[in-house]
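Visitor: Let me begin by handing over the structure; questions about it come next.
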Amino acid sequence: MMEKKWWHNKVMYQIYPKSFFDSNGDGIGDLQGIIQKLDYLKELGVDILWLSPVYESPMIDQGYDISDYYNINPDFGSMADMELLIAEAKKRGFYLLMDLVINHCSSEHEWFKRAMENPEGKYGEYFYIREGKEGNPPCNWRSYFGGSAWERIEGTDRYYLHMFAKEQPDLNWENEEVRRELYKMINWWLEKGIDGFRIDAIINIKKPKEFVSYEADGEDGLCSVHKVLEDAQGIGEFLTELKRETFEKHDAFTIAEVFDDKEGELPLFIGENGYFSTMFDFTIEKARSGKAWYEDKKLYPEDIKRLIFQGQKESEAVGFRANIIENHDEPRGASSMFVKDPKCDASVKMLGTISVLLRGVPVIYQGQEIGMKNMVFTDISEVDDISSKAQYALALENGLTKEEALAVVGERTRDNARTPFQWSDEREAGFTDGAPWLKVNPNYTEINVRKQEADADSVLSYYRKLIALRKNPAYQDIFVYGTFEKAYEEAENVLAYYRKGDTGTVLVVTNYQKEPRKLRLKDTVGKVLLTNQRDVKIEDGDMYLDSFGAVVCTVEER
Ligand code: GLC
Ligand code: CA
């Protein structure tokens, strides 16, 4: 029997501070803004709040480039604001997580500046600095954001490694002093009273032993970081030490972002005594990603079903992974999880139902609970995200027209999830009194919190019920600790599963298509716990499912 942990029955919520709520009219969301909205989050019913980075940063990658781990970006507020947020969150029973970005820092970080002043000095050892090869970088790795992962240090033939943007130099984890500095910082934050971290790009901290070229996989002669990571062995030593020196001492909750774990590694990451409490299940995100965005695949309901079943199966005997339908790096689920955006509330409620009731930790990204959708971009100049610019260039380079490249970026850009939160139908969606840093989605007049709070049938009202159901102690044994089993797998475009606990079985059944349908039941339905339908008709052994219908009901043990 698995040891029970305080976070098993919790629901997590991701805040993207820059776009959440602006308290002072400068167009940028901030910590005071989050404090003002804590009661909204309380009413939603979520427990664990994860803040995307708020540390001091030049914001080249929106805060994932940290120039001072011990300070708050003045755009977001002050350390006093942060301390107030910790206190106010605690007062309301929330658990607060910061984002931990320790694979790299910013090129504006003191360490890096000193390393550039004297690459041969002590701080040179904080990064990966290598000689070039005949005027070229040391090897042919491609950074995630496009171009070589090596940047030449001016006036020398040396290069430093950056797996992300050139303004995000990778920290040298092989250097014990670097590790000590990072652990000190982590403990400092935990002592301040935060409850844990979402851990960024952690798989990247281990590099292959040798920095050698691999077979090129594109016109540019470079090879992807994914290929590089396959060759990186021995991350476990770092992660064991990281946990021992920091998280473990504080009983901190940790949720890792891991895209490239190796076969069989899952138990080490999230099993009993794993390096982390949990990690995201990115089965869907991985399956739809091509080498570049222009190669991304469309997923159909049957694909999504297969992938969800696969992800659940992998975690089953190991531990809990965290389930998402979107985040700050992914397009809005309300758009991306449908081949043709059906633009209806039912489909959004259906998706929420599928995701929140899975086995694992549900994570809701800000705006998901009101069904925020992708932005429509009419020109590439409207896009801010650094990776989108690189992907746009890459698409053009590979023969797409400007229109096609814009369409690709429009679907995939991380800005889809980063447009300001839609609080009301007032100017700028009630997000700011000033000019927002990124354009508000024009659909805010239709999709906003104020409107949905007044409507018992809204997406927001549904999410509140959904979260309450998930957390209802009467069903904890089923939704938290129960098993996951596929159901009605052969019925096309029906995505259904059982959650089975000692106290009973719940069936979650959804009609992942526009056309209403009948489903021949193999179960005896007991009580309907939640539905996005007006009613649930069962007649002659058939359940009637609406367009994008979702039904959660108890069933008799079979
Ligand atoms: C993670 C973050 C992403 C960031 C990258 C580099 O993937 O989620 O937003 O750009 O790491 O830190
Ligand atoms: Ca502000």
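Visitor: Provide the net charge surrounding Asp296, with neighbours chosen by a C-beta distance below 14 Å and charges set as Lys +1, Arg +1, Asp -1, Glu -1. Walk me through the numbers before you get to the answer.
Guide: Details: positive: Lys286, Arg288, Lys291, Lys297, Lys298, Arg412, Arg414; negative: Glu285, Glu295, Asp303, Asp329, Glu330, Glu404, Glu411.
That works out to 0.
Visitor: Report the per residue volume, in Å³, of the convex hull enclosing the C-alpha atoms of the range 1-133. Please list the in-between numbers first.
Guide: Numbers: hull volume 22.2 nm³, N = 133.
It comes to 167 Å³ per residue, whole-number rounded.
Visitor: Determine the gain in length on full extension of the stretch Asp425-Val525; use 0.36 nm per residue of separation and subtract their C-alpha separation, reporting nm with one decimal. If you can, show how the numbers build up before the last one.
Guide: Numbers: separation 100, 0.36 × 100 = 36.00 nm, distance 4.12 nm.
So the extension gain works out to 31.9 nm.
Visitor: While we're looking at this one, here's another question. Aspartates and glutamates within cross-link reach of Lys10: Cα-Cα under 14 Å, excluding same-chain residues under 8 positions apart?
Guide: Asp47, Asp195, Asp477
Visitor: Output the Cα-based Rg and Dmax of the range 411-508 in Å, rounding Rg to one decimal and Dmax to a whole number.
Guide: Every Cα atom of the range 411-508 included, Rg and Dmax give 19.1, 54 Å.
Visitor: Related question: Under a crude label model (7 Å from the Cα following the beta-carbon direction), how far is Asp477 from Glu263 in nanometres?
Guide: For the pair Asp477/Glu263, the computed spacing is 4.0 nm.
Visitor: Express in nm, to one decimal, how much length is gained between Lys389 and Glu131 on full extension, taking 0.36 nm for each residue of separation and deducting their alpha carbon distance.
Guide: Values: separation 258, 0.36 × 258 = 92.88 nm, distance 2.89 nm.
Here the segment from Lys389 to Glu131 would lengthen by 90.0 nm.
Visitor: Would you mind pulling out the separation of the Cα centroids of the range 172-219 and the range 271-331, in Å?
Guide: 22
Visitor: Per residue, how much space in cubic angstrom lies within the convex hull of the C-alpha atoms of the range 445-558? Mind showing how you got there, number by number?
Guide: Working: hull volume 12.7 nm³, N = 114.
Here the figure is 112 Å³ per residue.
Visitor: Taking the Cβ of Ala395 as the center, what net charge do the other residues with Cβ under 14 Å away carry, scoring Lys and Arg +1 and Asp and Glu -1? All intermediate terms of the calculation are to be shown ahead of the outcome.
Guide: Values: positive: Lys291, Lys389, Lys402, Arg412; negative: Glu219, Asp220, Glu295, Asp296, Glu397, Glu403, Glu404, Glu411.
Value of the local net charge: -4.
Visitor: Now for a different question. Which FRET efficiency value, to the nearest 0.05, is calculated for Asp220 and Ala407 with the Förster distance at 35 angstrom and r the Cβ-Cβ distance?
Guide: Details: r = 22 Å, r/R0 = 0.64.
FRET efficiency, Asp220 to Ala407: 0.95.
Visitor: 5 Å is the cut-off here: which amide hydrogens, built 1.01 Å from N in the peptide plane, fall below it relative to Thr505, excluding neighbours closer than 5 in sequence?
Guide: For Thr505, whose amide H was placed from the backbone, the distant partners under 5 Å are Val555.
Visitor: Further question on the same structure: Summarise the accessible area of the range 312-390 (1.4 Å probe, protein heavy atoms) by the percent that is carbon and sulfur. Don't jump to the answer; show the numbers that get you there.
Guide: On the way: 1140 of 2180 Å².
Ligands and nucleic acids excluded, carbon and sulfur reach 52 percent.
Visitor: Continuing with this model, one more query. Distance between the C-alpha centers of the range 512-553 and the range 347-398? Whole Å please.
Guide: 29
Visitor: So what is the calculated 222 nm ellipticity per residue for the chain, using -39500 (n - 2.57) for each DSSP H run with n of 4 or more, over all residues, to the nearest 500 deg cm²/dmol? Walk me through the numbers on the way to the answer.
Guide: Details: 17 runs with 152 residues, N = 558.
Mean residue ellipticity at 222 nm (helix-derived): -7500 deg cm²/dmol.
Visitor: If you don't mind, there's one more thing I want to ask. Taking the Cα centre of the chain as origin, work out the dipole magnitude from +1 charges on Lys and Arg Cβ and -1 charges on Asp and Glu Cβ, in debye rounded to 20. If you can, show how the numbers build up before the last one.
Guide: On the way: 71 positive and 99 negative charges, 349 e Å.
Roughly 1680 debye for the chain.
Visitor: Could you work out how far apart the two model spin labels at Trp188 and Lys91 are, taking each label as a point 7 Å from the Cα in the direction of the beta carbon, and quote it in nm?
Guide: 2.7
Visitor: Another question, then. So what does log10 I(q)/I(0) come out to for the range 258-303 at q = 0.15, 0.17, 0.32 Å⁻¹, using the Debye formula with one equal point on every Cα and no solvent?
Guide: -0.52, -0.62, -1.16
Visitor: What FRET efficiency do you get for Leu400 and Asp303 if R0 is 25 Å and r is their Cβ-Cβ distance, rounded to the nearest 0.05? If you can, show how the numbers build up before the last one.
Guide: Numbers: r = 24 Å, r/R0 = 0.95.
Once the sixth-power term is evaluated, E becomes 0.60.
Visitor: Right, something else. Rounded to the nearest 0.05, what FRET efficiency do Glu174 and Lys286 have when you use their Cβ-Cβ distance and R0 = 22 Å?
Guide: Numbers: r = 28 Å, r/R0 = 1.26.
Calculated value: 0.20.
Visitor: So, one more: Where Rh denotes the Kirkwood radius from the mean inverse Cα pair distance, what is Rg over Rh for the chain?
Guide: Details: Rg = 23.6 Å, Rh = 24.5 Å.
Here Rg/Rh amounts to 0.96.
Visitor: With everything on Cα atoms, drop me the angle between helix 301-316 and the longest principal axis of the chain, reported from 0 to 90° to the nearest 10.
Guide: With both axes taken from Cα atoms, the answer is about 70 degrees.
Visitor: Angle, helix 176-191 long axis vs. longest principal axis of the chain, Cα atoms, 0 to 90°, nearest 10?
Guide: Approximately 40 degrees, to the nearest 10.
Visitor: Given the Cα-Cα distance of Glu83 and Asp251 and 0.36 nm per residue of separation, how much length would full extension add, in nm? Can you show the working numbers first?
Guide: Numbers: separation 168, 0.36 × 168 = 60.48 nm, distance 2.00 nm.
Fully extending the segment from Glu83 to Asp251 adds 58.5 nm.
Visitor: Let me ask something else about it. Take the alpha carbon atoms of the range 13-79, find their radius of gyration, then divide it by 2.2 N^0.38 Å using N residues; give the quotient. Kindly include the intermediate steps, with their values, before the conclusion.
Guide: Values: Rg = 12.0 Å, N = 67, 2.2 N^0.38 = 10.9 Å.
After normalising by residue count via 2.2 N^0.38 Å, the value is 1.10.
Visitor: Moving on to the next point. Could you do me a favour and compute the accessible area per residue for the chain, 1.4 Å probe, result in Å²?
Guide: Heavy-atom SASA per residue in the chain reads 40 Å².
Visitor: I've got another one for you. Simple spin-label model, 7 Å along Cα-to-Cβ: Asp379 to Glu446 in nm?
Guide: Between Asp379 and Glu446, the label points sit 2.5 nm apart.
Visitor: Rounded to the nearest 10 degrees, what's the angle between the helix 79-91 long axis and the longest principal axis of the chain, both from Cα atoms, 0 to 90?
Guide: 30
Visitor: Okay, next question. Could you work out the percent of alpha carbon pairs in the range 148-299 separated by over 20 Å, rounded to a whole number?
Guide: Counting pairs separated by more than 20 Å, the tail of P(r) holds 57 percent.
Visitor: For the range 465-506 and the range 72-146, what is the separation of their Cα centres, given in Å?
Guide: Going from one Cα centre to the other spans 41 Å.
The values are calculated or read from the model by the stated rules, or taken from the named source; none is laboratory data. What you see is a predicted model; the values in this text were computed from it and never measured. For neighbour counting, all protein chains shown are included, and Cβ atoms are generated from backbone atoms with ideal geometry for every residue, glycine included. Only protein heavy atoms, including side chains, enter the accessible area calculation; ligands, DNA and RNA are left aside. Shrake-Rupley method; radii C 1.70, N 1.55, O 1.52, S 1.80 Å.
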